[in-house]
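Asker: Below is one structure. I have some questions about it.
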Amino acid sequence: MYGQKIKELRQEKGLTQAQLAEKISTTASTIGKYEREELQPNVDMIISLSKFFGVSADYLLGLEN
């Protein structure tokens, strides 16, 4: 669920995985793994993504619409 949310939010902003990665201080490979749900973001990364996209952590995790 979180992978799809991250991908949708990234695409809405018109960003590549590499561009998003640069903005939140990670790698494009890591963003790809999040989107494919091969890797779970840690708490700090969930906070960074939430702040960057202006959404709640619950939204990213699929706990709210």
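Asker: Would you be able to tell me the number of residues in the stretch 40-65 that are over 13 Å from ILE6 (Cβ atoms) and β-branched (Val, Ile, Thr)?
Answerer: 2
Asker: Let me ask you something else. Suppose we keep only residues that are part of a helix (DSSP H, G or I) and touching a Phe, Trp or Tyr at 6+ places or on another chain (Cβ under 8 Å) within the stretch 21-44. Which one would you say is surrounded by the most Cβ atoms within 10 Å (Cβ to Cβ)?
Answerer: Of the residues in the stretch 21-44, the ones part of a helix (DSSP H, G or I) are 21-23, 28-35, 43-44.
Cutting the leftovers down to touching a Phe, Trp or Tyr at 6+ places or on another chain (Cβ under 8 Å) gives us 23, 34.
Working: LYS23: 13, TYR34: 26.
Among those that are part of a helix (DSSP H, G or I) and touching a Phe, Trp or Tyr at 6+ places or on another chain (Cβ under 8 Å), it is TYR34.
Asker: Quick check on this structure: which one of LEU39, LEU9, LEU49 is in contact with a Pro (Cβ under 9 Å, 6 or more places away or on another chain) and at negative phi?
Answerer: Numbers: LEU39 fails: in contact with a Pro (Cβ under 9 Å, 6 or more places away or on another chain); LEU9 fails: in contact with a Pro (Cβ under 9 Å, 6 or more places away or on another chain).
On inspection, the qualifying residue turns out to be LEU49.
Asker: Follow-up. Give the residues of the stretch 45-65 that are surrounded by fewer than 16 Cβ atoms within 10 Å (Cβ to Cβ) and not aliphatic (A, V, I, L, M), sorted by residue number.
Answerer: LYS51, PHE52, GLY54, SER56, ASP58, GLY62, GLU64, ASN65
Asker: Please enumerate the residues belonging to the stretch 1-19 that are out of contact with any Leu (no Cβ under 9 Å at 6 or more places or on another chain) and in a helix (DSSP H, G or I).
Answerer: Residues satisfying the conditions are GLY3, GLN4, LYS7, GLU8, GLN11, GLU12, GLN17, ALA18, GLN19.
Asker: Only one residue in GLU64, GLU38 is modelled with pLDDT under 95 and of a type outside the set (Lys, Arg). Which one?
Answerer: On the way: GLU38 fails: modelled with pLDDT under 95.
Among GLU64, GLU38, only GLU64 is modelled with pLDDT under 95 and of a type outside the set (Lys, Arg).
Asker: Here is a follow-up. Go through the stretch 1-20 and count every residue that is touching a residue at least 40 places away in the same chain (Cβ under 8 Å) and either surrounded by fewer than 17 Cβ atoms within 10 Å (Cβ to Cβ) or among the aromatic types (Phe, Trp, Tyr) (or both).
Answerer: 3
The values are calculated or read from the model by the stated rules, or taken from the named source; none is laboratory data. None of the values given here were measured: they were computed from a predicted structure. In this analysis, Cβ positions are derived from the backbone assuming ideal geometry, glycine residues included, and neighbour counts consider all displayed protein chains.
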